[in-house]
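Take a look at the structure set out below.
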Amino acid sequence: MTEALIVRGLDKTFAKPAVMDLDLTVHAGELYALLGPNGAGKTTTLRMVAGLTRPDKGEIRVFGIDARTDPAAAKAVTAWAPDEAMIYDKLTPLEYLEFVAGLWNVEPKVGKARADDLLAKLGLASEARRRCEGFSRGMKQKVALAGALIHDPKLLILDEPLTGLDAAAARLVKDMLQDRVRAGGAVILTTHILEVAERMADRIGIIAGGRLLAEGTLEALRAQTRRDGRAGADGGSTLEDVFLQLTADPVAASVVDGASA
Amino acid sequence: MRLYWRNFRAGRAGKGPRGLIGLGVLAAVMIAGGVFIALGLHDWRPPINALSVTIAALGCLVVFTLMLSQTLSASSEALYERGDLDLLFSSPIGPAKVLFVRALGVAAGVTTLFLLAAVPLLGPSIVWGHPGWIGLFGVLASLALAATAAGLLLAMALFALIGPRRTRTVAQVLAALVGAAFFLASQARTILGRETSGSLVADIARQAQDGRLRPPPVASLPLRAMLGEPLPLLALLGGASLLFGLSAATLGRRFSDAAAAAQGKTGARAPRRGTASTRAFAGGVFLATLRKELLLIGRDAALLSQVMLRVLYLIPTALLLSRNAASGAGAALAGGAGVVVFLAGQVAGSLAWITLSAEEAPDLLAVSPAGTSLLRRAKLAAAMLPVALLLAPLIGVLVWFAPVVAAWTAAGALLAAWSSGLLNVWHQRPGKRSEFRRRGGSSWLATIAEIVVSALIAGATGLAVAGFAAWSLIPLVLAGVALLSLRRGEAQIARNGRTLVNS
């Protein structure tokens with residue numbers, strides 16, 4: 001199985017340690033959900049993978065490319081979409097896609113075809129020539145997502161991608177992500193909506209205090225909590241139960257090896 | 001008022017120890033100037049006659065237009081800025097009170113700006129020999145109140161006449177025109193060719209000597225108030241306060257309705273195109289970034305007025321230069337070429353500050369594989385292209401009448417624009433466009449350096465046009481030294497704030 005993202009021994013300290021000795025792997029054709037309480041180090045981890053924050057230590061490989069020594073090559077196959085849409089209010093969605101396609105040097109014909117396709121799929125075709133300044137938060141998120149997909153990235157890094165989206169738009173985005181995964185792409189995302197991770201993720205990583213507490217399929221995580229004798233009366237059947245049990249006492253939690261599938 | 005004060009402090013120049021030192025030095029220089037003025041004017045008692053009354057009234061008119069430019073801009077922006085306005089209008093406070101406080105904040109801001117210049121210069125004279133001159137501060141306050149009332153009325157009238165979509169842009173353009181009104185009016189006579197000298201004061205003095213100058217009695221109010229006569233001062237303050245209070249009280253409801261109507265209608269609709277064109281996706285990183293920056297410059301109403309004011313000063317000078325080139329007036333040509341070069345540097349500097357520092361999506365650029373230097377080149381090109389387009393007709397005329405002057409002017413303008421751009425690369429302060437207005441201008445060091453370097457290159461151009469090409473090397477070398485001393489490495493640029501991380 002091709003490894004889309006390998007992170008080894010990643011460290012980052014701001015005023016206090018944000019990420020400590022983090023290891024994780026995402027395979028091609030896999031959707032990986034990184035979960036954790038507020039301030040756990042999820043966004044810092046993703047920003048380091050996207051090349052926005054310089055790690056103090058550690059290795060990041062994107063489809064075999066060392067992202068620290070050859071960031072441009074790694075970025076060429078990566079897309080980053082944070083919870084705050086990275087768009088320009090004074091540009092129309094179409095102009096925004098033209099700009100982003102230019103940044104990634106997308107072939108003009110391919111860029112045009114993808115823009116038309118993405119705008120249609122995300123329900124933005126009728127708004128393609130209106131400036132984004134009047135758009136709702138959800139619409140802005142959709143424009144940003146179209147921008148993230150215009151260069152057909154192999155690795156998609158998403159920080160809270162469903163924030164601000166209505167039910168229909170959220171469903172649409174989830175379907176698009178799963179389509180990409182089925183097509184051999186890789187997705188790593190953070191979310192506070194555990195139901196999303198439970199339904200969509202092939203594997204889940206749980207992070208707290210900058211450390212990866214557990215990683216694996218939902219079944220493997222359940223098995224770990226049962227094995228550790230931390231399951232509730234009902235056996236800790238939902239991801240929410242597992243998440244709360246693991247993050248309630250992160251120090252006592254088992255390390256990743258125990259849960260890896 | 002506390003919210004307004006917070007915004008004012010957030011936007012003040014000179015943050016950090018270096019900024020404070022800079023402000024301290026500036027204040028010391030101004031106070032020293034004020035002491036010299038106090039020494040020179042200690043025994044002088046200004047006469048109250050037709051000439052002094054007219055000059056004081058005209059001075060007030062100039063200050064009023066400058067203030068109106070700012071209050072009109074601030075009043076129209078207040079309609080579109082959501083922030084605390086939504087909170088205030090959703091609270092049980094009446095709209096008239098909200099507008100009154102908001103307008104008072106605008107007036108206080110404008111007064112403070114003028115007081116910052118007036119207090120150090122006139123303070124020593126007030127302390128030493130002319131206590132009555134404290135009335136000048138009262139005159140400034142009354143002018144600010146009247147300008148705020150006029151700015152509000154104009155903004156609301158525009159909103160009613162042309163609607164929310166166009167008001168923001170038109171108000172900013174109008175604000176720039178009002179700000180430059182006095183200069184444009186004084187230059188109009190010269191450009192139209194009726195006069196060779198634009199000195200309005202000399203003209204007024206001539207009329208006073210001939211006994212033809214007879215200002216109406218009410219025109220003496222500003223001068224008498226400035227000299228500390230209580231009744232004229234009270235009349236001005238009372239009149240301005242009344243106008244201010246009446247406009248805030250009567251426009252309160254209309255303002256809250258307009259602010260609600262303005263929500264989400266910021267800016268004209270983008271021109272419609274057919275379907276996505278393949279050509280628009282061509283060109284790679286450089287062209288895509290250039291295109292994006294030019295679109296953003298053209299669509300940002302608030303930034304438009306900042307740049308337009310400088311452009312307005314450039315146009316009459318360029319017209320004058322063309323006229324002098326046609327008539328072969330040598331000395332005037334040299335001076336005109338210098339002014340054009342200086343203003344080209346200033347306009348390019350303003351635009352470069354916008355394109356380089358005001359980036360709404362810095363993370364998007366940082367996660368892209370595009371190199372930082374290529375992105376910067378595209379942003380610099382976007383800042384210089386409008387200046388080139390603006391100067392192209394002038395250079396065209398000069399090529400026809402005086403090709404050598406055209407070559408020097410073009411070279412000087414290019415050099416000044418490029419230098420200003422480089423200074424903005426080295427001293428950029430990345431921030432979001434939405435925060436841009438609060439942040440004020442670029443770093444004070446870059447602003448002063450831009451002026452000095454542009455002036456030196458302008459001087460070199462003037463000397464070259466006047467036939468002293470060898471002498472022009474001196475200011476050019478000085479400009480080069482200034483640029484080299486202000487050069488910043490990549491690491492230093494990155495320390496200035498969020499910046500692009502690709503290399």
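We did not get these values from a lab; they are worked out from the coordinates using the rules stated. Keep in mind the model is a prediction, meaning the values are calculated, not measured. All Cβ positions, even for glycine, are placed from backbone atoms using ideal geometry, and neighbour counts span all protein chains on display.
Taking A:Glu107, A:Glu198, A:Glu84 in turn, the Gaussian network model of chain A (Cα-Cα springs below 10 Å) assigns the largest fluctuation to A:Glu107.
How large is the dipole of the protein assembly as shown about the Cα centre if only Lys and Arg carry +1 and Asp and Glu carry -1, each at its Cβ, rounded to the nearest 20 debye? Computed charge dipole of the protein assembly as shown: roughly 1740 debye.
Per-residue Cβ neighbour counts within 10 Å put B:Thr250, A:Thr191 in the sequence B:Thr250, A:Thr191, beginning with the fewest.
Which order results if B:Ile37, A:Ile6 are arranged by neighbouring Cβ count within 10 Å, fewest first? Placing the least packed residue first, the sequence is B:Ile37, A:Ile6.
In the protein assembly as shown, taking the dipole from charged Cβ atoms about the Cα centre, the farthest positive-side position among B:Ser485, B:Ala208, B:Val63 is held by B:Ala208. With 27 Å as the limit on Cα-Cα distance, the pairs of A:Lys57/A:Lys90; A:Lys57/A:Lys154; A:Lys121/A:Lys154; A:Lys57/A:Lys174 that go past it are A:Lys57/A:Lys90; A:Lys57/A:Lys174. Given q = 0.26 Å⁻¹, what are the Debye log10 I(q)/I(0) values for segment A:112-167, with equal point scatterers placed on the Cα positions and solvent ignored? The Debye formula, applied to the Cα set alone, gives -1.18.
For the protein assembly as shown, the calculated P(r) over all alpha carbon pairs, in 20 Å bins from 0 to the bin holding the longest distance, is 14, 39, 32, 12, 2, 0 percent. Extent along the principal axes, Cα only, for segment B:87-132: 51, 17, 10 Å, with the longest axis given first. Dimensions of chain A along the principal axes, based on C-alpha atoms and rounded to the nearest Å, stand at 57, 41, 38, largest first. Partners of B:Lys432 within straight-line reach, counting aspartates and glutamates whose Cα lies under 16 Å from its Cα and excluding those fewer than 8 residues away in the same chain: A:Glu84, A:Asp89, A:Glu133, B:Glu81, B:Glu293, B:Asp300, B:Glu359, B:Glu360, B:Asp363.
Between A:Pro82, A:Gly205, A:Ala67, whose Cα lies farthest towards the positive end of the dipole of the protein assembly as shown when Lys and Arg beta carbons carry +1 and Asp and Glu beta carbons carry -1, centred on the Cα centre? Farthest along the dipole direction, towards plus: A:Pro82. With each label modelled as a point 7 angstrom along the Cα→C-beta vector, the A:Asp21-A:Met1 pair spans 2.5 nm. Packing-based ranking of B:251-257, A:200-206 yields A:200-206, B:251-257, ordered from highest to lowest mean Cβ neighbour count within 10 Å. Computed from backbone phi with θ = phi - 60° and the Karplus coefficients 6.51, -1.76 and 1.60, the 3J(HN,Hα) list for segment A:11-24 is 10, 8, 10, 9, 5, 9, x, 9, 9, 10, 6, 8, 10, 7 Hz; x is used for glycine and proline. Placing R0 at 41 angstrom, the Cβ-Cβ distance between A:Arg171 and B:Arg488 gives a FRET efficiency of 0.25 after rounding to 0.05. Assuming charge only on the beta carbon of Lys and Arg (+1) and of Asp and Glu (-1), the dipole of chain A about its Cα centre is about 480 debye to the nearest 20. Helical content alone sets the calculated 222 nm signal of the protein assembly as shown at -21000 deg cm²/dmol, taking -39,500 (n - 2.57) per DSSP H segment of four or more residues and averaging over every residue. Relative to its residue count, segment B:342-430 spans a Cα convex hull of 85 Å³ per residue.
Once backbone amide H atoms are built at 1.01 Å from N, A:Ile207 has A:Leu35, A:Gly36, A:Leu213 as its partners under 5 Å, excluding neighbours fewer than 5 places away on the same chain. Of the residues A:Leu156, A:Val143, A:Ala28, the one whose Cα sits farthest toward the positive end of the charge dipole of chain A, with +1 on the Cβ of Lys and Arg and -1 on the Cβ of Asp and Glu, is A:Val143. With neighbours defined as other Cβ atoms within 10 Å of a residue's Cβ, the residues B:Thr289, A:Thr45 order from fewest to most as B:Thr289, A:Thr45. Between the amide H of A:Ala18 and those of A:Lys12, A:Thr13, distances stay under 5 Å, these residues lying 5 or more places away or on another chain, with hydrogens modeled in the peptide plane. Calculated FRET efficiency, B:Ala411 to A:Asp179, Cβ-Cβ distance, R0 = 56 Å: about 0.50 to the nearest 0.05.
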